[in-house]
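The values are calculated or read from the model by the stated rules, or taken from the named source; none is laboratory data. In this text, all values refer to a predicted model and were calculated from it rather than measured experimentally. Here the Cβ positions follow ideal geometry from the backbone for every residue, glycine too, while neighbour counts run over all protein chains shown. Note: accessible area is taken over every heavy atom of the protein model, side chains too, but ligands, DNA and RNA are not part of it. Shrake-Rupley method; radii C 1.70, N 1.55, O 1.52, S 1.80 Å.
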4 protein chains.
Amino acid sequence: MSKTQPKSELKGPDRSARKRVRKDDRPQEIVAAAFEEFASHGYAGTRLEDVAARAKVSKGLPYLYFKTKEELFKAVVRSVITSHFDTIRNEMESTTLSVEDFLKGPFLKFVQELVCSRRVLIVRLLIAEGHKHPELTAFYFDNVVARGLETLRALIDRGVARGEFRETALRDYPQLLIAPMLMAVIWRALFEHHHHLDTDALLKTHIDLMVDAVRAPQSKGDVS
Amino acid sequence: MSKTQPKSELKGPDRSARKRVRKDDRPQEIVAAAFEEFASHGYAGTRLEDVAARAKVSKGLPYLYFKTKEELFKAVVRSVITSHFDTIRNEMESTTLSVEDFLKGPFLKFVQELVCSRRVLIVRLLIAEGHKHPELTAFYFDNVVARGLETLRALIDRGVARGEFRETALRDYPQLLIAPMLMAVIWRALFEHHHHLDTDALLKTHIDLMVDAVRAPQSKGDVS
Amino acid sequence: MSKTQPKSELKGPDRSARKRVRKDDRPQEIVAAAFEEFASHGYAGTRLEDVAARAKVSKGLPYLYFKTKEELFKAVVRSVITSHFDTIRNEMESTTLSVEDFLKGPFLKFVQELVCSRRVLIVRLLIAEGHKHPELTAFYFDNVVARGLETLRALIDRGVARGEFRETALRDYPQLLIAPMLMAVIWRALFEHHHHLDTDALLKTHIDLMVDAVRAPQSKGDVS
Amino acid sequence: MSKTQPKSELKGPDRSARKRVRKDDRPQEIVAAAFEEFASHGYAGTRLEDVAARAKVSKGLPYLYFKTKEELFKAVVRSVITSHFDTIRNEMESTTLSVEDFLKGPFLKFVQELVCSRRVLIVRLLIAEGHKHPELTAFYFDNVVARGLETLRALIDRGVARGEFRETALRDYPQLLIAPMLMAVIWRALFEHHHHLDTDALLKTHIDLMVDAVRAPQSKGDVS
DNA sequence: CATGAATGAGTCTTCATTCAT
DNA sequence: CATGAATGAAGACTCATTCAT
């Protein structure tokens with residue numbers, strides 16, 4: 001009563017639209033909408049109301065599934081991270097291709113596609129907000145970064161073991177195989193309107209040069 | 001008249017003296033303080049009151065020099081960008097070293113230092129907020145990115161012209177020389193606490209591999 | 001920027017009314033306004049916006065002095081408690097009157113006035129909200145309740161020592177001298193509109209009866 | 001038909017049986033749950049969802065029986081008030097004990113028990129919220145306060161008529177017999193953790209003193 | 001010039017209430 | 001009847017910005 005309760009005697013617009021799409025995927029829809037908003041405006045710049053609007057639900061609904069804005073943010077990050085990287089990791093480990101062919105084939109393809117997909121936006125998000133969410137950063141590090149680098153290192157070592165590659169410091173810094181992806185993502189986000197960059201070619205060039213750099217001497221003749 | 005000692009020695013022994021001395025670089029101090037805050041908390045997460053506090057000025061003073069928060073932000077970005085890159089660019093253009101030696105010497109040194117300096121934080125800031133400030137992004141692109149890439153390309157072309165390097169697509173994607181810097185910056189910001197990365201070695205490895213990749217066949221013997 | 005900053009280009013009503021009353025008693029004014037609101041609507045039922053409106057300040061100002069609603073509430077309680085009870089306590093300890101005369105004179109007067117004053121509203125407030133603010137309750141207990149009861153007990157003991165009173169359990173339960181005050185406060189708050197109660201007479205009757213009850217036998221003749 | 005066993009034995013073995021059994025007292029269970037919640041958190045501080053949870057029903061069910069939160073609150077107050085005071089009133093009117101013995105016996109017992117029961121919490125609730133619910137306060141006044149005081153006054157008058165008591169103003173302020181109960185209730189709610197108070201002894205002391213105060217001079221010998 | 005009290009629009013979050021199922 | 005997902009009004013709190021002193 002009194003000031004605690006809404007005085008409205010006349011109620012909202014269309015009460016019938018509710019439950020229309022209702023499913024147990026409501027949380028997913030909200031997470032999807034939140035992803036777009038977070039990706040566009042950053043954490044602080046995103047208003048939960050806009051997330052709700054984009055998900056076509058009421059302002060209060062996200063709070064039914066996510067206790068706070070931060071919870072929602074974490075859910076967003078986790079949902080993007082989860083399982084998207086398992087595929088390529090599995091391929092890496094089970095492929096019968098030569099390492100060079102794998103890098104120039106499936107791996108390049110994967111990275112090229114990743115860079116064009118909406119879910120790389122999560123990378124920018126983490127770059128921007130990660131340090132405020134240590135828990136999340138740790139999660140990302142453990143599930144994506146650490147495992148990804150490990151697999152890459154194993155791949156390089158295999159190349160060396162198979163006599164494809166010479167021994168180089170690359171195995172100690174597999175991050176170098178990934179670095180151009182960051183460049184591509186950031187370029188697309190910031191500079192694409194100023195100057196077009198063919199990220200596919202960028203990535204391909206990088207792989208080609210890297211392979212050239214580490215290729216074992218005797219295999220030189222095989223190339224052309 | 002301007003830099004003479006204050007005439008009133010009666011009030012505040014050295015307080016007025018300090019004031020005088022600081023008067024001219026007040027904006028700079030505010031920008032410096034703002035840089036730290038923006039770098040730590042992002043644009044939206046930074047409170048102007050904290051900036052003022054860090055700069056040891058009153059809450060209202062920043063508004064004397066910068067009409068809005070965004071103006072201040074732009075000033076911050078500009079101040080970091082300005083002139084820090086001219087030096088290396090000049091060196092690049094006037095050096096007498098071989099391109100390989102230049103890359104492995106002054107250039108590597110520059111990048112390694114940049115990565116450790118506080119002013120790379122601006123990179124993360126731009127990654128995070130750049131798309132909301134097109135004007136700023138354009139300014140950064142024109143003054144840093146475009147000119148930097150141009151100079152790098154010229155350097156590579158010089159290497160080719162001098163017979164040091166073979167012709168590769170690297171000249172079309174000089175971003176590849178910079179990409180590991182992004183990796184280094186981001187790693188330090190997000191993952192350093194999880195897993196140490198020797199960024200100096202990372203950067204060196206990258207330059208070494210890149211040079212190996214593009215070095216002209218006959219120049220192999222010339223190196224040492 | 002963007003959604004973080006107010007878009008308003010046209011600003012509020014009268015920007016000149018500010019600072020009019022400005023003094024360092026602003027906090028006091030806010031506390032006073034808050035007292036009225038809390039007393040009227042309880043803790044949860046009070047809107048800080050109404051407090052601000054009553055204090056004729058903007059919605060945000062209370063937060064400049066009180067970090068949260070609860071802080072303000074505590075300040076309200078403390079401000080009412082502080083020092084109002086010292087006077088009567090001092091009188092109690094330094095009076096030259098007989099205990100009976102003191103109880104029927106200054107003490108009765110004090111209680112009668114207290115019951116009519118606005119600051120007893122704090123009692124109702126504490127009854128209603130106290131259990132949610134243990135810190136505050138402890139503060140009130142230490143500063144008002146414990147000290148008040150102690151003084152009352154000393155007074156009764158003095159009456160016994162002087163031969164005015166016989167030894168009764170009243171000294172163990174000095175709360176009984178205060179109980180009718182609670183009745184008076186609560187009655188006025190809840191039932192006054194239903195049925196008038198002469199609280200002055202109620203309180204006087206209670207003191208008279210209590211004194212009759214504990215008066216030493218030999219002093220009986222002295223009464224009339 | 002109404003209380004026969006459910007016909008469908010197939011679904012839910014005894015789940016449906018329980019449902020049937022509970023159906024009739026659902027409102028009561030909800031009121032009971034609501035009482036606990038209101039008593040603990042006050043009106044505004046109580047969430048209907050918690051009430052439902054405590055009553056082990058769904059969030060929407062209370063609305064089937066009570067149109068609004070306020071209706072439920074009223075039902076709570078009424079349910080506690082109703083009929084609990086008739087017993088003692090009847091006793092008061094039909095007892096064959098002397099008034100003194102009645103006060104020191106059944107009446108004291110009743111008050112002591114009341115103070116320890118959960119249903120006195122309603123008193124604190126009314127103190128806190130009563131002024132916002134005039135209707136409810138009126139109901140409480142008519143059914144509990146007015147009738148209670150009337151009966152007490154009649155009791156005192158009977159004491160006077162029987163020559164047990166002298167004529168005192170107590171008959172005009174029977175509230176004084178009740179006042180210590182308020183003290184006891186409030187003390188238990190707020191200060192018990194700070195300092196234990198033997199409320200039984202408090203109440204007994206009060207009755208003893210009051211009776212001493214009003215006892216007729218000649219009846220002194222009659223007592224034992 | 002410099003200060004910091006004051007403003008008020010905006011955002012997160014809660015919860016009474018409704019209603020499709 | 002019973003459920004609980006969904007709604008949306010309201011309130012706590014923040015902070016960019018202003019301006020009297």
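Only a single criterion out of (1) away from chain C (no Cβ under 14 Å); (2) open to solvent by less than 10 Å² (accessible area, probe 1.4 Å); (3) within 16 Å of DNA strand F (Cβ to nearest atom) is not satisfied by D:Ser58, namely (2).
Filtering the stretch C:191-205 to residues that are buried (at least 22 other Cβ atoms within 10 Å of the Cβ) and within 7 Å of chain D (Cβ to nearest Cβ) leaves only C:Leu202.
Here is the figure for the stretch C:137-151: residues that are surrounded by 21 or more Cβ atoms within 10 Å (Cβ to Cβ) and more than 7 Å from chain D (Cβ to nearest Cβ) total 1. Every residue in the stretch A:89-134 that is at pLDDT 90 or above, among the basic types (Lys, Arg) and open to solvent by less than 30 Å² (accessible area, probe 1.4 Å), please. Those that are at pLDDT 90 or above, among the basic types (Lys, Arg) and open to solvent by less than 30 Å² (accessible area, probe 1.4 Å): none in the stretch A:89-134. Checked against (1) within 24 Å of A:Pro27 (Cα to Cα); (2) away from every other protein chain (no Cβ under 14 Å); (3) in a helix (DSSP H, G or I), A:Gly130 passes all but condition (2).
Name the residue that is surrounded by the fewest Cβ atoms within 10 Å (Cβ to Cβ), counting only residues in the stretch C:25-44 that are over 19 Å from C:Thr82 (Cα atoms) and more than 8 Å from DNA strand F (Cβ to nearest atom). Walk me through it before giving the result.
Just the residues of the stretch C:25-44 that are over 19 Å from C:Thr82 (Cα atoms), to begin with: C:37, C:40-44.
In the following step, the residues that additionally are more than 8 Å from DNA strand F (Cβ to nearest atom) were identified as C:37, C:40-43.
Working: C:Glu37: 24, C:Ser40: 16, C:His41: 19, C:Gly42: 23, C:Tyr43: 20.
It comes out as C:Ser40.
So how many residues does the stretch B:76-88 have that are out of contact with any Gly (no Cβ under 7 Å at 6 or more places or on another chain) and open to solvent by 20 Å² or more (accessible area, probe 1.4 Å)? Let's see the steps before the verdict.
The first filter runs over the stretch B:76-88 and keeps only residues out of contact with any Gly (no Cβ under 7 Å at 6 or more places or on another chain), leaving B:76-84, B:86-88.
Filter once more, so that each one left must be open to solvent by 20 Å² or more (accessible area, probe 1.4 Å): B:78-79, B:82-84, B:86-87.
Number of matching residues: 7.
Of all the listed residues (B:Ile81, B:Ile156, B:Ile122, B:Ile127), the sole one being of a type in the set (A, V, I, L, M, F, W, C), closer than 24 Å to B:Met210 by Cβ and under 19 Å from the mean Cα position of the chain (by Cα) is B:Ile127.
Put simply, of B:Ala184, B:Ala213, B:Ala201 the only residue that is modelled with pLDDT of 95 or more and within 16 Å of the chain's Cα centre (by Cα) is B:Ala184.
Taking the stretch B:152-188, which residues are of a type outside the set (D, E, K, R), assigned to a helix (DSSP H, G or I), surrounded by fewer than 20 Cβ atoms within 10 Å (Cβ to Cβ) and within 12 Å of chain A (Cβ to nearest Cβ)? Please lay out each step first, then the result.
Filtering the stretch B:152-188 down to residues of a type outside the set (D, E, K, R) leaves B:152, B:154-156, B:159-161, B:163, B:165, B:168-170, B:173-187.
Filter again for assigned to a helix (DSSP H, G or I), leaving B:152, B:154-156, B:159-161, B:169-170, B:175-187.
If we keep only those that are surrounded by fewer than 20 Cβ atoms within 10 Å (Cβ to Cβ) as well, we get B:154, B:160-161, B:169, B:178.
Of everything in the stretch B:152-188, those that are of a type outside the set (D, E, K, R), assigned to a helix (DSSP H, G or I), surrounded by fewer than 20 Cβ atoms within 10 Å (Cβ to Cβ) and within 12 Å of chain A (Cβ to nearest Cβ) turn out to be B:Ala169, B:Ile178.
Contact map, the stretch D:61-79: residues that are over 24 Å from D:Val120 (Cβ atoms) paired with residues that are of a type in the set (S, T, N, Q) and near DNA strand E (Cβ under 8 Å from one of its atoms), Cβ distance under 9 Å, separation 6+ or inter-chain. Pairs shown: D:Thr68/A:Gln5. Within the stretch A:87-105, residues that are in the same structural domain as A:Ala213 (by TED's automatic domain parsing) have Cβ atoms under 8 Å from residues that are buried (at least 16 other Cβ atoms within 10 Å of the Cβ) and in a loop (DSSP other than H, G, I, E, B) in these pairs: A:Ser98/A:Glu164; A:Val99/A:Glu164; A:Glu100/A:Glu164; A:Phe102/A:Thr95, counting only partners at least 6 apart in sequence or on another chain. Being within 12 Å of DNA strand F (Cβ to nearest atom), hydrophobic (A, V, I, L, M, F, W, C) and out of contact with any Cys (no Cβ under 9 Å at 6 or more places or on another chain) holds for only one residue in A:Leu64, A:Leu72, and it is A:Leu64. Is it the case that the stretch C:206-223 has a residue that's more than 7 Å from chain D (Cβ to nearest Cβ), closer than 30 Å to D:Ser40 by Cβ and not small (Gly, Ala, Ser)? Checked the stretch C:206-223: no residue is more than 7 Å from chain D (Cβ to nearest Cβ), closer than 30 Å to D:Ser40 by Cβ and not small (Gly, Ala, Ser). Kindly indicate whether C:Arg54 is charged (D, E, K, R) and not assigned by TED's automatic domain parsing to the domain that holds C:Asp212. Yes: the conditions hold for C:Arg54. Taking the stretch A:40-123 as the region of interest, the helices (runs of 4 or more DSSP H) fully inside it that hold 1 or more residues being within 13 Å of DNA strand E (Cβ to nearest atom) are A:48-54, A:62-65, A:69-81.
Hey, among the residues in the stretch A:129-168 that are in contact (Cβ under 8 Å) with a residue 60 or more places away in the chain and among the acidic types (Asp, Glu), which one's farthest from A:Tyr43 (Cα to Cα)? In this case the residue turns out to be A:Glu164.
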